[in-house]
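Have a look at the structure below, then the notes.
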Protein chains: 4
Amino acid sequence: MLQGFSLPLSPLGKANLVGAPPWHYSGDAIALEFWTEPGAAAATLPPGLTPDPHSNGRAIALFVDWQYTGANNELLEPARYQSREFYVLLDAYWENTPVYWTPYVYVDNDSSMARGWIQGYPKRLGSIFQTRTFAAPGPAAAPIAPGTKFGASLSVHGQRLANGRLTLQQEQADVSGALGRSAINRRYFPSLSGGQHSCPIVDELVMPVNDDLTVIDLWSGDAELELPKAIGEELHELAPKKMGTGYRFSMSCSIIGLTVLQDLKK
Amino acid sequence: MLQGFSLPLSPLGKANLVGAPPWHYSGDAIALEFWTEPGAAAATLPPGLTPDPHSNGRAIALFVDWQYTGANNELLEPARYQSREFYVLLDAYWENTPVYWTPYVYVDNDSSMARGWIQGYPKRLGSIFQTRTFAAPGPAAAPIAPGTKFGASLSVHGQRLANGRLTLQQEQADVSGALGRSAINRRYFPSLSGGQHSCPIVDELVMPVNDDLTVIDLWSGDAELELPKAIGEELHELAPKKMGTGYRFSMSCSIIGLTVLQDLKK
Amino acid sequence: MLQGFSLPLSPLGKANLVGAPPWHYSGDAIALEFWTEPGAAAATLPPGLTPDPHSNGRAIALFVDWQYTGANNELLEPARYQSREFYVLLDAYWENTPVYWTPYVYVDNDSSMARGWIQGYPKRLGSIFQTRTFAAPGPAAAPIAPGTKFGASLSVHGQRLANGRLTLQQEQADVSGALGRSAINRRYFPSLSGGQHSCPIVDELVMPVNDDLTVIDLWSGDAELELPKAIGEELHELAPKKMGTGYRFSMSCSIIGLTVLQDLKK
Amino acid sequence: MLQGFSLPLSPLGKANLVGAPPWHYSGDAIALEFWTEPGAAAATLPPGLTPDPHSNGRAIALFVDWQYTGANNELLEPARYQSREFYVLLDAYWENTPVYWTPYVYVDNDSSMARGWIQGYPKRLGSIFQTRTFAAPGPAAAPIAPGTKFGASLSVHGQRLANGRLTLQQEQADVSGALGRSAINRRYFPSLSGGQHSCPIVDELVMPVNDDLTVIDLWSGDAELELPKAIGEELHELAPKKMGTGYRFSMSCSIIGLTVLQDLKK
């Protein structure tokens, strides 16, 4: 009897890329608010989502260092389960509800990439780095304090797709600027049968079910972001027209499942 | 209107991890035939496949350096589209037809990994290397000639999962020992809705539709293979009991689509 | 006029792999004390060092996540300057002084590797990971608290060379068990002229000059360590016979220069 | 008695990053001739070299897939010893002799990087890819034939530093356009003692001693090259003003040692 949650199913259930949820995360994030061309943002929306009429073009670029664990102490095998992530959240509406849409997301780990696909995050592989804060003081420590600068970058197949920078100003009580909405994703799995290449076998608008989202140590400050033009990519179509606030925070959550909102197949 | 074959769908259709087929490949392969414990091989088979009664336990470990292209000269962006692959083929039966089953497969590229999932190959990421043959003569050239040795390895998250070696003996006319059957795969995409974690939304037995499979420059020789025990992996459960013939060859093919043989969902 | 501290020297002095000291570091460390075969430890000592008669065979395996900066805000380019490191310290004597000797050290970054060579650390490239502690609570956070487990690993060219584990027990005041001695290194640069291959042009016993070494948040606990046998490596010759105490701490320091203790050339 | 040619010296001599020469190579190269601003080229020359008065500003960008072996069948461990390389050759004069100077060179392997330093090549790490030619025909094969296009790229720490392209036109008898001169390098190893940071302990103008340089299957064609501007790099200062001929060839050689031409220390 084969076991496992995802491929490869196997006799012992150890080899699968992703075990069954819940999936637990804790991480450090740099979030950079910006405004892009409203038309460029709207052009990325899937059926069922519409631009946010109050903030069309508002976006957040997030760089996160994640630690992941499932039910088997996965955090003790960091070579397999730690990961770094970059993603963009765009303001949008689902029916009359303000939500986030994620047009692009990159991670540096295959397990994270697969969890993303299963949740409807369109993850590809990339190299993501952010300045870390370390406890031992000195010029390399980047303490959480006014004036400290953090750099962050995303590269994909050797092309730099994002350069971010945050200069901390003050501790901040309100996380709603950085993480104030629910995410809506599109689960999508293509058909490969003849004549069906544009008829996906899975095409659903979904909402992740999180448990215990915790955000702590939230600071705000000055944000800078470049999304340089790159061959074979479209992230740069969302290049900032104007920057908003930058944030640095720690967050944890558990993913339990998802809710299917709409079947997009004809 | 969003474009693309796989996630991420995007306004211009450039950002997707995988474009629509046909997918064209040319590569150099080292194939090492071996026999594993028949029960261990049988334990990996999906519903619908049965052990080959004549050769249960026969397997082939393949290391391939691939070049890929789609319709847009992808081979001119080798940083994004070249890839290396390791996979195991097991002899099996589908109804009364001898076929190959692929329990485990590793690649070093996200585009290749996604193409695999769409075809039902359970691809994960790994680091794969093989000794290459170079045209300019000398001690480092590894010419296609009797006595030349080729090394090959697979590592996953920093654990060595396979060490292979081939010593060429002679040119060989018959490829059936290395690639004589059709592959049968299992397309599988999990549900993440509450209570549905063991009820995949896609679970199909499928057969890839290849076009123009060409195998040339086929040589045979002595094969060696180790599949060392590794944490969180099951490949070593298929460790060789006995080695068969080793092969080195070049091959090309185009993937056009697939045929669904059976829906495995209840 | 070419500028720079190391190769490549260049017109603007930006391209060099390593800028001039001081070099500033802040990092998080997992240190696992163990005893290896005294003869195996002694066999790695360079001329000028002798086994510690009181603790011959005592060693510490260190896994460190480092952030580095020089004079130009290098910490804001983490893709180039963050690094992870594994090294072994062995108890030894230089004249009548207890010191540490570093027979093997691995990093994941070329700039760190070059700084190592210049200081006499015999750095090679590897993949190093440790469980991190994150501020946001939950199953993936690994808080600094009694009972928390940390995993750590070193892989080199796809072979796992070290698996470590630490289970925290208590906060600890005394760092001398983990970092109580000065390091003595061997700066070594080969000749490549005909007939001179065993006559290095640089061969010096040196002591790094540190400034401001700070160790904070020191905890101790149970240590586990495996150094599995690997092809083309010798780290496993130092495999533990007995484990000592494990430590987790944060540290920072600045490298200003070094003192040459002895010229080992004939 | 410690053994080995380079660090780390070790009891068995297996762990060293680089074994003693001879070092044998075989590889496939794409070479793109171009002219840069003469002043930019001249600004990279070390003491002892002067611009070539007849071709100041002429340069060649080389992308090479290398296989390496020493005396111990290193080519059978491709995960450790295969490597890819990018370098720039500039026309220069040493006394009255036309030579090549290598201002920048990148490889993807620590052993290759260390061999470079020992020879005076200022190697850093990068990711280098070139379209390969495969034997099995089809759209992904890139055969050696008129009209075939080859792409090539260099990325360093996630920044794209070079994009090259070659379109084959004809087989070519004369390699002198691509590899017609001897290379002159600068062996350089810094001091780290206080007050000596600009007084290297090794600073020599050297000429590698090659044996058996073989170039075969030489084709020429149209060359394209971009050297995009990148943070913390200077390669783009040599951006092409005009392209020359492009070449694709296979080459092998053995490095036996080197000849010291001049000691540059004061």
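The values are calculated or read from the model by the stated rules, or taken from the named source; none is laboratory data. Predicted model only: the values in this text are computed from it and were never measured. Positions of Cβ are generated from backbone atoms using ideal geometry, with glycine treated the same way; all protein chains shown enter the neighbour counts. Each accessible area value is taken on the protein alone, full model and side chains, heavy atoms only, with ligands, DNA and RNA left out. Shrake-Rupley method; radii C 1.70, N 1.55, O 1.52, S 1.80 Å.
Numbers below:
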{"item": "Rounded to whole Hz, the Karplus (6.51, -1.76, 1.60) HN-Hα couplings of region D:67-84, x for glycine and proline", "result": "10, 10, 8, x, 8, 10, 6, 4, 5, 8, 10, x, 5, 9, 10, 6, 7, 10"}
{"item": "Percent accessible area from carbon and sulfur atoms, region B:200-266, protein chains only, probe 1.4 Å", "result": "48"}
{"item": "Partners for B:Lys229 among aspartates and glutamates (Cα-Cα distance below 13 Å; same-chain residues under 8 apart left out)", "result": "B:Glu237"}
{"item": "Neighbouring partner chain Cβ atoms per residue of C:10-19, average, 10 Å criterion", "result": "5"}
{"item": "Estimated [θ] at 222 nm from DSSP helical runs (n ≥ 4, -39500 (n - 2.57)) normalised by residues in chain A, nearest 500", "result": "-2000 deg cm²/dmol"}
{"item": "Among D:Pro21, D:Trp94, D:Trp35 - extreme Cα towards positive end, dipole of region D:1-111, charges at beta-carbon", "result": "D:Pro21"}
{"item": "Solvent-accessible area of D:Lys242 with every protein chain in place, 1.4 Å probe, in Å² to the nearest 10", "result": "120"}
{"item": "Environment charge at A:Ile128 (Cβ cut-off 13 Å; Lys +1, Arg +1, Asp -1, Glu -1)", "result": "+1"}
{"item": "Inter-copy separations for B:Ser55, label at 7 Å along Cα-Cβ, nm, ascending", "result": "5.6, 6.0, 6.2"}
{"item": "DSSP beta bridge pairing in chain B, given as percent antiparallel to the nearest 5", "result": "95"}
{"item": "Across the identical copies, how the D:Met1 labels are spaced - nm, sorted shortest first, 7 Å along Cα→Cβ", "result": "4.9, 6.4, 7.8"}
{"item": "Cα gyration tensor shape of region C:180-265, rounded if a/c is under 1.5, else prolate or oblate by comparing a/b with b/c", "result": "oblate"}
{"item": "Overall form of the protein assembly as shown per C-alpha gyration tensor (a/c, 1.5; a/b vs b/c)", "result": "rounded"}
{"item": "Nonlocal amide H pairs with B:Thr245, under 5 Å, H built at 1.01 Å", "result": "B:Glu33"}
{"item": "1.4 Å probe accessible area per residue over region C:1-75, in Å²", "result": "31"}
{"item": "Å² of accessible area per residue within region D:98-179, as computed with a 1.4 Å probe and no ligands counted", "result": "27"}
{"item": "Label 7 Å beyond Cα on the Cβ vector: C:Ala71 copy-to-copy distances, nm", "result": "4.4, 5.7, 5.8"}
{"item": "Environment charge of D:Trp94, counting only residues whose C-beta is closer than 12 Å and scoring Lys/Arg +1, Asp/Glu -1", "result": "-1"}
{"item": "Average partner coverage of B:204-210, which counts Cβ from other chains inside 10 Å", "result": "1"}
{"item": "Options C:Tyr247, C:Leu264, C:Thr214, ranked by Cα towards positive dipole end of region C:194-266, top entry (Cβ charges)", "result": "C:Leu264"}
{"item": "Test item: Cα-centred dipole of the protein assembly as shown, Lys/Arg +1 and Asp/Glu -1 on Cβ, debye", "result": "0"}
{"item": "Under the Debye formula (equal points on every Cα, no solvent term), log10 I(q)/I(0) of region C:9-131 at q = 0.13 Å⁻¹", "result": "-0.60"}
{"item": "Among beta bridges that DSSP assigns inside region B:69-219, antiparallel share in %, nearest 5", "result": "80"}
{"item": "Whole-number Å³ per residue for the convex hull built on Cα positions in chain A", "result": "152"}
{"item": "With all protein chains modelled, accessible area of B:Ile231 [1.4 Å, Å²]", "result": "80"}
{"item": "Magnitude of the charge dipole, chain A, Cβ model with Lys/Arg +1 and Asp/Glu -1, debye to 20", "result": "480"}
{"item": "Debye, to nearest 20: dipole size of region B:155-266, +1 on Lys, Arg Cβ, -1 on Asp, Glu Cβ", "result": "380"}
{"item": "Positive-end residue, chain B charge dipole about Cα centroid, Cβ charges, pick of B:Ala173, B:Cys199, B:Pro143", "result": "B:Cys199"}
{"item": "Whole-number D in µm²/s for region C:73-153 (Stokes-Einstein; Kirkwood sum over Cα pairs; 4 °C, 1.567 mPa s)", "result": "85"}
{"item": "Per-residue SASA entry for A:Thr245, accessible area with 1.4 Å probe, Å² rounded to 10", "result": "50"}
